[in-house]
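The values are calculated or read from the model by the stated rules, or taken from the named source; none is laboratory data. Since the model is a prediction, treat every value here as computed from it, not as a measurement. Every residue, glycine among them, receives a Cβ derived from its backbone with ideal geometry; neighbour counts consider all protein chains shown.
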Amino acid sequence: MNIKIENISKNFKNIKAVDDLSVEINDGELVTFLGPSGCGKSTTLFILAGLYTQDHGNIFFGNVKVNDLETEKRNIGMVFQNYALYPHMTVLKNILFPLEMQKIPKKDSLAKANELLELLKIRELQDRKPNQLSGGQQQRVAIARALIKSPQVLLMDEPLSNLDAKLRVETREEIKKLQQHLGITTIFVTHDQDEAASISDRILIMNNGKLQQFDKPRQIYNNPNNLFTAKFMGNTPINIFSLRKNLNGFSITDTSITLPEIPILRDLGEPEFLIGIRPEHFEICTVEDGILVGIVELVEMQGKDNLITFSIGNLKCRCFSSPKLSPKTNDKIGLKIKSESILAFNKNTGDKLSIKM
Amino acid sequence: MKREHSLKNFLIGMIYLLPALVILVTFQIYPIFKALLMSFYTKYNYFKHIVFEYGFDNYINLFKDEKFILALQNTFIFVIGVVPASIIISIFIATLLNSKIQFKNLFRNIYFLPFVTSTTAIAMVWRWIYHSQYGLLNYFLSLIGIDPIQWLIDPNWSMIALIILSIWKTLGYNILIILTGLQNVDEQYNNAAKIDGAKAWKRFTRITFPLISPTIFFVSITSLIGSFKVFGEVYILFDKMPGPLNSCLTMVYYIYDKLAVKYSYGMASAASVVLFLIILAITLIQFIISKKWVHYK
């Protein structure tokens with residue numbers, strides 16, 4: 001079922017938790033709400049669930065406006081951050097609870113529960129109480145409980161944050177598979193951009209209650225709307241420089257470092273702007289060939305590449321290099337920039353400046 | 001560090017325990033055993049403290065005494081009238097106080113006032129409330145067209161008057177304890193139950209109640225024991241009388257009467273032993289039943 005969020009706002013006392021958010025989510029899509037803590041992503045999820053009421057705006061499930069529909073009647077499944085399994089019930093009773101509330105005959109609901117116990121591989125846990133389960137097992141039970149009534153929408157509030165790193169990767173793959181298998185519209189809240197990138201069809205990035213960007217993960221990474229999004233996406237932080245136009249090139253603001261002419265940046269209207277260069281878009285070369293010169297501070301192994309931290313004047317930058325040409329600490333290196341992958345932002349607003357290729 | 005179970009360590013430990021132990025033994029433990037012993041005194045010289053004969057005569061006389069049987073009946077009626085009603089009302093009010101309402105703390109304090117006020121003062125005020133001619137209660141009843149009730153004079157109403165007062169008096173403590181229990185229930189269970197389609201009543205009976213069941217159990221045990229021991233309310237409310245025609249004669253009032261008015265120490269001790277056994281039996285039954293409905297984490 002498709003979901004439409006229309007101009008939603010929510011205030012807590014003086015804090016704008018959600019500020020005029022509008023989004024449309026397609027049927028069967030897995031969308032992640034991503035942002036730093038306090039950005040309003042969980043609040044939005046709770047509004048969708050009906051656990052909070054928005055101050056303004058409308059929510060549509062399909063064609064039905066659900067503003068005034070109570071949580072109990074919204075037919076949603078939800079997995080909470082701490083799972084919220086009922087501590088006084090066994091696993092099986094936890095899973096059966098939603099069907100019991102719908103007064104479905106025991107025989108039918110047991111058949112359904114058995115199916116989910118198989119699907120989530122938790123059959124042998126069915127008679128245990130939640131406090132006898134590990135975090136990962138509780139997670140599965142919580143998912144089973146959320147799915148048993150075949151909800152139209154599945155909401156997940158940071159469901160992986162209480163799991164250890166390895167289990168987190170495994171579980172997110174399983175959630176993705178399960179979601180595709182069931183074709184259920186799913187909204188997943190997380191502050192981990194890695195998790196969001198790996199699992200989502202589309203990511204909605206929020207900051208200070210406002211929507212920053214809503215797009216496919218790859219698109220957001222390559223083509224961020226603004227400085228916040230550019231900084232937030234990507235495991236290794238993007239390098240940001242403040243540039244000022246000179247007569248025959250650019251200088252980095254507040255330094256004596258100059259850059260030669262980069263034609264595509266010349267056309268930008270602003271005399272001063274920010275550029276963002278992802279670590280993989282620097283290329284290490286000899287000092288003579290480089291348009292910038294840096295001094296290596298740190299070399300770290302990261303998978304197949306080395307991550308080099310270097311300084312240009314007093315600016316810290318990072319880039320990847322293949323281990324073959326691995327510079328050492330305090331070496332001078334030259335750097336080239338793949339100019340077609342440079343991102344430019346307005347210095348004051350942080351909005352993206354479009355570069356004509 | 002290895003701890004030696006030597007005589008020296010034992011004696012040092014005893015010295016630490018001594019102050020509390022002396023008081024406890026003198027005023028609690030010794031009287032309990034003394035009362036048990038006294039209940040078997042059959043022939044006894046009170047002035048010289050000489051016991052001529054031990055036996056079960058006190059117990060036999062007790063159960064032959066119509067007043068004792070009446071006291072037993074009245075006490076059971078009182079307990080059944082007070083405990084369940086008090087707990088149900090307390091749960092209801094505690095749930096309201098736990099929800100998002102204005103002036104929560106003010107209400108909490110108002111409800112707790114009866115608990116910190118002395119029984120005597122409370123009973124005095126209620127005597128006025130129950131007054132057949134000038135009482136507040138009859139005034140309110142007259143507003144809805146009900147004739148004045150002789151609350152404290154009519155034996156048919158006196159027990160009801162006593163029960164109403166006692167429910168009101170026990171509310172404060174019970175509400176406070178249950179409210180604490182409710183505040184320990186994580187909001188997420190309630191949210192999860194809403195998601196699972198449970199309406200308010202189901203959320204209470206299936207989620208909240210089981211989660212606060214240890215608290216309810218505690219409150220039910222303490223209220224029950226407290227109610228079996230009712231005395232002060234009767235004594236003041238009916239002006240040093242056990243109600244009209246003994247209609248509010250309770251076990252402890254009976255014991256008091258035998259001990260302090262009639263100087264029948266043997267009978268008083270025997271009655272208190274019977275009361276002890278009744279409370280013990282009912283508490284044990286409660287513990288056994290509790291295994292079925294109380295969920296400990």
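Of the residues making up segment A:251-273, those that are in contact with a strand residue (DSSP E or B) (Cβ under 9 Å, 6 or more places away or on another chain), under 25 Å from residue A:224 (Cα atoms) and part of a loop (DSSP other than H, G, I, E, B) are A:253, A:261, A:262, A:268, A:269, A:270, A:271. Is it the case, given these coordinates, that residue A:100 is within 10 Å of another protein chain (Cβ to nearest Cβ) and either in a helix (DSSP H, G or I) or surrounded by fewer than 22 Cβ atoms within 10 Å (Cβ to Cβ) (or both)? Judged against the criteria, residue A:100 is a match. Report yes if some residue within segment A:65-85 is away from chain B (no Cβ under 12 Å), crowded, with 22+ Cβ neighbours inside 10 Å and in contact with a helix residue (DSSP H, G or I) (Cβ under 6 Å, 6 or more places away or on another chain); otherwise report no. The answer is no, given that none of the residues of segment A:65-85 is away from chain B (no Cβ under 12 Å), crowded, with 22+ Cβ neighbours inside 10 Å and in contact with a helix residue (DSSP H, G or I) (Cβ under 6 Å, 6 or more places away or on another chain).
With the requirement that a residue be over 24 Å from residue A:201 (Cβ atoms) and not in a loop (DSSP other than H, G, I, E, B), what does segment A:1-19 give you? Correct list: A:9, A:10, A:11, A:12, A:15, A:16, A:17, A:19. If you go through segment A:37-60 and keep only what is among the hydrophobic types (A, V, I, L, M, F, W, C) and within 14 Å of another protein chain (Cβ to nearest Cβ), you end up with A:45, A:46, A:47, A:48, A:49, A:51. When A:155, A:147 are checked against the criterion of being within 14 Å of chain B (Cβ to nearest Cβ) and at pLDDT 95 or above, A:155 stands alone in meeting it.
Total residues in segment B:260-293 satisfying the condition of being more than 21 Å from the chain's Cα centre (by Cα) and either away from every other protein chain (no Cβ under 14 Å) or not charged (D, E, K, R) (or both): the figure is 9. Give me the helices (runs of 4 or more DSSP H) completely within segment B:210-296, filtered to those with at least 2 residues that are surrounded by fewer than 17 Cβ atoms within 10 Å (Cβ to Cβ) and among the charged types (D, E, K, R), ordered by residue number. Correct list: B:265-293.
Within the option set B:144, B:160, B:195, B:178, being among the aliphatic types (A, V, I, L, M) and within 29 Å of residue B:70 (Cα to Cα) holds for one residue only, B:160.
Here residue A:53 does not qualify as under 14 Å from residue B:189 (Cβ atoms) and β-branched (Val, Ile, Thr).
Might you let me know whether segment A:131-139 holds any residue that is within 13 Å of chain B (Cβ to nearest Cβ) and either aliphatic (A, V, I, L, M) or within 26 Å of residue A:210 (Cβ to Cβ) (or both)? No, segment A:131-139 has no match at all. Residue count for segment B:183-205 satisfying the condition of being of a type in the set (Lys, Arg), facing chain A (nearest Cβ under 7 Å) and under 35 Å from the mean Cα position of the chain (by Cα): 2.
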